[in-house]
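Any read-out appearing in this document is the output of simple, stated calculations on the displayed coordinates, not a laboratory observation. Just so we're clear, the structure is a prediction, and the values are computed from it rather than from any experiment.
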């Protein structure tokens with residue numbers, strides 16, 4: 001097997017498990033969302049890993065859509081009091097935002113490694 005993950009599916013699987021994108025054995029995370037400095041098994045430097053706001057954007061769009069749709073449907077069908085809305089949707093908001101955040105961050109970092117993603121660089125092209 002090569003130095004990199006051979007398929008995108010393997011990279012996604014390793015990201016979901018929070019494992020090293022290269023070897024699949026070491027841990028990617030040190031805390032809940034904190035990335036380690038390097039893999040504790042193969043020594044891969046995680047300096048390339050920068051998911052930025054990507055995981056938060058996916059969580060907000062997907063989780064927000066779920067919660068807003070459920071709240072609107074509940075309001076239209078049952079018309080519960082406001083305190084019941086708060087009791088229902090505040091815990092659901094925490095569930096649909098915090099639970100997938102680490103998973104999505106792991107997948108985005110593993111895909112960065114798989115596709116050799118890097119910062120954009122301006123290069124002078126003399127052939128233009």
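Miscellaneous remarks
- Two-decimal log10 I(q)/I(0) for the chain, as the Debye equation yields it once each C-alpha is a single scatterer, q = 0.15 Å⁻¹: -0.76
- 37 °C / 0.692 mPa s Stokes-Einstein diffusion coefficient of segment 37-90, Kirkwood radius on C-alpha pairs, µm²/s: 228
- Residue-averaged 222 nm ellipticity for the chain, from DSSP H runs of 4+ at -39500 (n - 2.57), nearest 500: -18500 deg cm²/dmol
- The Rg/Rh ratio for segment 71-128, using Cα coordinates for both the radius of gyration and the Kirkwood hydrodynamic radius, is 1.41.
- Gyration tensor (alpha-carbon) shape descriptor, segment 18-62, a/c threshold 1.5: prolate
- Gaussian network model of the chain, Cα within-10 Å springs - most flexible of 31, 52, 63: 31
- Relative contact order for segment 8-113, counting Cα pairs under 8 Å that sit 6 or more residues apart, in percent: 42
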